[in-house]
Amino acid sequence: MTSRRIVFIEGHPDPEQGHLCQTLADAYVEGAQRAGHTVRRVQVAQLDFPLLRSQEDWEHGVLPPCLQQAQADIAWAQHLVLVFPLWLGDMPAVLKGFLEQVARPGFAFKAQGSNPMGRKGLTGRSARVVVTMGMPALLYRWYFRAHSIKSLVRNILGFVGIAPVKETYIGQVDKLGPDGVRQWCDKLRALGAAGR
């Protein structure tokens with residue numbers, strides 16, 4: 001198996017250690033590194049950046065210095081993994097703010113003729129989105145139609161050229177218990193080993 005360059009983006013907004021998203025991230029990274037993949041980690045909660053507040057800033061502002069390495073890691077990667085908890089039916093605000101900052105014109109989009117966003121800037125990369133939630137995963141997937149994740153996949157990742165994107169939903173996290181957490185860590189470890 002060919003080794004891959006992977007960037008793992010931890011989107012949990014709590015900088016404290018020990019939450020499930022971090023445990024899952026550790027398992028994935030362990031599996032990936034053991035299999036010979038090279039992994040870089042971005043912990044969004046550790047980064048102190050402002051939210052974008054205008055189109056002008058997004059198009060012509062300067063990327064905050066604390067995000068320059070994260071953007072470079074995304075450019076370097078062949079595969080991205082995002083893990084985050086579902087909060088109010090969507091990704092946490094800090095992760096959305098992070099994606100808005102790093103996915104700027106000139107990086108995530110390239111000009112083509114008079115259209116500043118005419119060409120996708122991140123083609124050739126695949127991704128996996130891992131989402132934890134309190135509700136049953138099947139309920140989110142089928143009743144709610146995973147609307148916010150579909151939006152992330154289509155309107156952010158797909159819009160900049162990242163494809164294919166695979167999804168992993170982990171539901172009823174408050175009822176997993178140690179055995180459930182261990183089983184999910186084994187699954188993430190296997191995904192990491194496969195570079196998927």
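Throughout, read-outs are computed from the coordinates displayed, never taken from laboratory work. The structure displayed is predicted, hence computed values, not measured ones. For neighbour counting, all protein chains shown are included, and Cβ atoms are generated from backbone atoms with ideal geometry for every residue, glycine included.
Compactness of the range 5-194, taken as the C-alpha radius of gyration over 2.2 N^0.38 Å, stands at 1.02.
Each Lys and Arg contributes +1 and each Asp and Glu -1, all at the Cβ; summed about the Cα centre of the range 75-145, the dipole is approximately 260 debye. Just to be sure I understand the curve: with the Debye formula and one point per C-alpha of the range 98-196, what is log10 I(q)/I(0) at q = 0.12 Å⁻¹? Here log10 of I(q) over I(0) equals -0.52.
Between Ser54 and Asn155, the FRET efficiency from the beta-carbon distance, with R0 = 25 Å, is close to 0.80. Once backbone amide H atoms are built at 1.01 Å from N, Val42 has Phe8, Ile9, Glu10 as its partners under 5 Å, excluding neighbours fewer than 5 places away on the same chain.
With a 10 Å Cβ neighbour count serving as the proxy for reagent exposure, in which order, fewest first, do Arg53, Arg125 appear?
With the sparsest Cβ surroundings first, the list reads Arg53, Arg125.
The stretch between Arg5 and Ala72, if pulled fully straight at 0.36 nm per residue, gains 22.9 nm over its current Cα-Cα span.
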